[in-house]
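Worksheet: the structure to be examined is printed underneath.
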Amino acid sequence: MLYPEIPVVLPVFLPQPNSKDKLDISLEQPLRYFGYFDVSFQINRFGNAKSTRVISKGGEVTSNMEIRMQNYLRNVLFRPRFKEGKLDTDTIQLRYYLGI
């Protein structure tokens, strides 16, 4: 619970920028996913994503979507990660789905 596998977007009391809540979409409404990006990055001690890289992509994605994904990771703030009481800056790999 204190050290989740998935990085936590800050601030936690506000909806995430890419969430249904933030986009005013009903939680019951199904989404149609049309693509994804597999990305890797590191989180520094200030919570910024560093060394971001798109590893792979699939579906109906464009280069503009890839630029927006990179901008999102550049601007979002994560809770710094710790492992055994020390700052964990290991590379993280996540898949971000694109949907409407």
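Among the residues of the stretch 2-33 satisfying the criterion of being in contact (Cβ under 8 Å) with a residue 40 or more places away in the chain and hydroxyl-bearing (S, T, Y), which is farthest from Q70 (Cα to Cα)?
For the stretch 2-33, the residue satisfying everything is Y3.
Restricting to the stretch 34-56, name every residue that is within 20 Å of I67 (Cα to Cα) and surrounded by fewer than 12 Cβ atoms within 10 Å (Cβ to Cβ).
Matches in the stretch 34-56: S51, I55, S56.
Scan the stretch 1-10 residue by residue and report those that are in a loop (DSSP other than H, G, I, E, B) and either among the aromatic types (F, W, Y) or within 25 Å of R53 (Cα to Cα) (or both).
Residues satisfying the conditions are Y3, P4, E5, I6, P7, V8.
Going residue by residue through the stretch 11-25, is there one that turns out to be in a strand (DSSP E or B) and exposed (fewer than 15 other Cβ atoms within 10 Å of the Cβ)?
Taking every residue of the stretch 11-25 in turn, none turns out to be in a strand (DSSP E or B) and exposed (fewer than 15 other Cβ atoms within 10 Å of the Cβ).
State which residue is nearest to D21 (Cα to Cα) when the search covers only the stretch 61-100 and only residues that are without any contact (Cβ under 8 Å) to a residue 60 or more places away in the chain and part of a strand (DSSP E or B).
R95
Computed from the coordinates by the stated procedures, all read-outs in this text should not be read as laboratory data. What you are looking at is a predicted structure, and each value in this text was computed from that prediction instead of being measured. In this analysis, Cβ positions are derived from the backbone assuming ideal geometry, glycine residues included, and neighbour counts consider all displayed protein chains.
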